[in-house]
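The values are calculated or read from the model by the stated rules, or taken from the named source; none is laboratory data. Computed from a prediction, not measured in an experiment: that's the story for all the values here. FYI the Cβ positions are ideal-geometry reconstructions off the backbone, even for glycines, and counts take in every protein chain you see. What goes into the accessible areas is simple: the full protein's heavy atoms, side chains included, and nothing from ligands, DNA or RNA. Shrake-Rupley method; radii C 1.70, N 1.55, O 1.52, S 1.80 Å.
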Amino acid sequence: MCFGYTTWGGALRRGMVHSEDRLTLELIDSSRVDRLLVCNPYRSVLATVARAVIGPREAAFPATDTRHHFQPLRLRRSDPTSVRAIERSCHAYERAVRRATERLGLERPAIVTTHPLLAAFARFDWAGPVTYYATDDLSTHPPLRPWWPAYAVAYARTRELGRRVVGVTPKAVASVDPMRGVVIPNGIDPGEWLAPAQPPSWFTSLPGPRLLYVGTLDSRVEVEALAGLARAYPTGSVVLVGRCPDPDHYGRIRELPNVTIAPPVDRAELRALVAAADVGLIPHVRDEQTEAMSPLKLYEYLAAGLPVAATDLPAIAPVWPARTALAQGSADFPAAVARALAIGRCGERDRIDFIHANAWERRFERLLDVALSN
């Protein structure tokens, strides 16, 4: 298993909530995986040494006789952007991984990676089947703009090589291999959602209805929709919880009296907040990036029993139509929230059935069917 743009330690720091994090946990526990090597992406030697001396200590990988971890190192800090240089980097990374597998006695291992460039440019002629797990369409992800041309080349090469492709949405798959790719949506951990904790008093003391958005507060969120929502429910509360890398984007709503913007919370508190809300919000802009996403928050809202008000995006509507009110744009969002409030909370039996039907374990059994088949 080769991580794309994070490490084992990075996955732990963000709470093991992303798709590739959950996949790695499932691979560690899976009885279908005899031996496993989890590989971080490249890290620079100097940065690794500096982190070991002055930075926080990385959490240890749960290594056993059959589960191992590998950190490839190099001198440079950043990835190259030209296709030729990327090829050289991928070949060097592949050689390092191959040596690690040989030391551990792995013979023709199946390769799963969430890195589109590695899936395309590494040869892996010594390995078994190669599967690219597309957790997003990175060719539309703004922070990765310097690599967009390389992604286009990588997607074409992935098709030519006949690599196996699994994606979280039809759009994520269509960008790489629309003919042979397999769609496996995101999921949830039943252990997290069957019995959420009690919510903090700062949240329950807010006047209702409490309309909640959890997740990264970046430019994907349509601020005009939130502003309209705050005006439409002046006696209610619009609450945004998450890391905010772009504070200026939220400047126009920070001063609204019934809008609360809170920093990230740990998983236990996040589950408690979601369970205590009245409506889960997904007011995303409609663009190529969001059309390729399978929002984890959608599954979490529904697992907690909330009705959802969301922008009408391809991966949202089919999940649980009866409990999702869709908005066609920012002006329509208050009406979508009104419909969601009318839907109300979910019955406990239906909520638990949804949790088990959408468990990560079930998702990744299907992925292993793809990755391990002859």
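Descriptive notes on the structure:
- Accessible area per residue in Å² at 1.4 Å probe, computed on the chain: 44
- Full-extension gain in nm, Val153 to Thr66, via 0.36 nm per residue minus C-alpha separation: 27.8 nm
- Whole-number D in µm² s⁻¹ for the stretch 262-308, Kirkwood Cα-pair radius fed into Stokes-Einstein, 4 °C, 1.567 mPa s: 111
- Mean Cα-pair separation over length for the chain, i.e. relative contact order, pairs under 8 Å, 6 or more apart, %: 14
- Taking all Cα-Cα distances within the stretch 52-191, those exceeding 21 Å account for 51%.
- With a cut-off of 10 Å between beta carbons, the residues surrounding Thr6 carry a summed charge of 0, where Lys and Arg count +1 and Asp and Glu -1.
- Across the stretch 198-210, rounded Karplus estimates of 3J(HN,Hα) from the backbone phi angles (6.51 cos²θ - 1.76 cosθ + 1.60, θ = phi - 60°) give 6, x, x, 5, 4, 7, 5, 7, 6, x, x, x, 9 Hz, Gly and Pro being marked x.
- Shape of the stretch 178-223, Cα gyration tensor, a/c cut at 1.5: oblate
- Charge sum, other residues only, whose C-beta stays under 12 Å from Ser44's C-beta, Lys/Arg counted +1 and Asp/Glu -1: +4
- Using just its DSSP H runs of length 4 or more, each adding -39500 (n - 2.57), the chain gives a mean residue ellipticity at 222 nm of -11500 deg cm²/dmol after division by all residues.
- Compared with the alpha-carbon gap, the fully stretched path from Asp312 to Glu224 is longer by 30.1 nm at 0.36 nm per residue.
- Dipole-positive endmost among Ile343, Leu273, Leu46 within the chain (Cβ charges, Cα centre): Leu46
- Heavy atoms of Trp148 accessible to a 1.4 Å probe, total area in Å² rounded to 10: 60
- Shape category assigned to the stretch 204-358 from the gyration tensor of Cα positions, a/c cut at 1.5: rounded
- On the beta carbon distance between Ser205 and Glu255, with R0 = 30 Å, the FRET formula returns roughly 0.90.
- When all alpha carbon pairs of the stretch 1-72 are counted in 10 Å bins from zero, the resulting P(r) reads 18, 51, 26, 4 %.
- Normalising the average separation of contacting C-alpha pairs (under 8 angstrom, six or more residues apart) by the number of residues puts the relative contact order of the stretch 179-277 at 35 percent.
- Here the accessible area of the chain is 53 percent carbon and sulfur, with a 1.4 angstrom probe and all protein chains present.
- For the stretch 191-197, the Karplus equation 6.51 cos²θ - 1.76 cosθ + 1.60, evaluated at θ = phi - 60°, returns couplings of x, 7, 10, 5, 9, x, 6 Hz by residue, with Gly and Pro reported as x.
- Between Ala150, Val182, His284, the Cα set farthest toward the positive side of the dipole of the chain (charges on each charged residue's Cβ, about the Cα centre) is that of Ala150.
- If you sort the three axes of the alpha carbon gyration tensor as a ≥ b ≥ c, you get a/c of 1.5 or more for the stretch 74-134 and a/b no higher than b/c, which makes it oblate.
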